[in-house]
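The values are calculated or read from the model by the stated rules, or taken from the named source; none is laboratory data. This one's a predicted model, so the numbers in the text were calculated from it and none came from an experiment. Reconstructed Cβ throughout: ideal geometry from the backbone, glycine too, with neighbour counts over all protein chains shown.
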Amino acid sequence: MNILIVDDDQFVSLSLKTILEASGEIQVLGIGNNGKEAVTLYKKYHPQVLLMDIRMDEMTGLEAAELILKEDPDAKILFLTTFLDDEYIVRSLKLGAKGYILKQDFESLLPSLKAVVKGQNVFGNEIVTRFPDFISRTKSSHYNYAAKGITGKELEIIELVAQGCSNREIADQLCLSEGTTRNYLSSILEKLDLRDRTQLAVFYYKN
C-alpha cells in the first residue's frame, strides 16, 4: 500500500513514516507540511491513501481535501488529528473523506489505512458516538431514498441505526423480531450499496 503523509509537525510525519514502513505493508511516497503541499504531492503521486492532519498553516487539511476531491472524487483521504471538533468532523463527512481518527488512537492507524484502501469508511469510537448528536441537530433529509427502493419501514430502521441503536433495540421499538430486523438491514445495505452499519450511519448523516 502506498500513502502520502501531510502534517505540519515534521517530527510527527517522520515518526509515522518510520513506524508505518516498519510494518512492511506501507510505502510512504512523500511527506508534506501543509495543505498546499498536500495538493501538489497528491497530483504528483496519486497515492492509495492521503493521511493528513487538519490544522496546518497556509492551507488546512479540510481545504486541501476539498480541492483534491473536486478533481478526483475517488481520492481516499484519512484525517489523523488531535482535534475532536464537531465542525471538523461534520465537514470531513460532507467533503467525502474516508475517515477521521485521533492521533492518540494510534494503534488503530494501520487497520484504518487497510480499511480505507478497501473502500470502507473509518471513524474512531469517539467520533462514532457523536453521530446521534449530529443527526439530532440536522433537519429532515433531502435525499431521495424512495428512488433507491427504500420503504418507510426501512427508513425508520436507517434512522435508528444512525442514532446508535442495536438490532435488539430497533426490534423492540418497531415491534419486530431480531431476525426480521437483520433481514431489513441486509436489504437496506444492498439497496444503498453499503458494507456495514457504520457506513450506513455516515451515509445517512451526509445526506
Here's a check for you: in segment 9-50, which residue that is hydroxyl-bearing (S, T, Y) and assigned to a helix (DSSP H, G or I) is nearest to L80 (Cα to Cα)?
S13
Determine the pairs where a residue that is on the phi > 0 side of the Ramachandran plot, located within segment 51-68, has a partner that is among the polar types (S, T, N, Q) with Cβ atoms under 6 Å apart, the partner being 6 or more residues away or on another chain.
E58/N34
Cβ-Cβ distance below 7 Å, separation of 6 or more or different chains: which pairs start in segment 22-33 with a residue that is more than 17 Å from A115 (Cα to Cα) and end on one that is aromatic (F, W, Y)?
L29/Y45; G30/Y45
Residue, surrounded by the most Cβ atoms within 10 Å (Cβ to Cβ), within segment 56-109, restricted to residues that are in contact with a Phe, Trp or Tyr (Cβ under 9 Å, 6 or more places away or on another chain), modelled with pLDDT under 85 and over 19 Å from Q120 (Cα atoms):
Y88
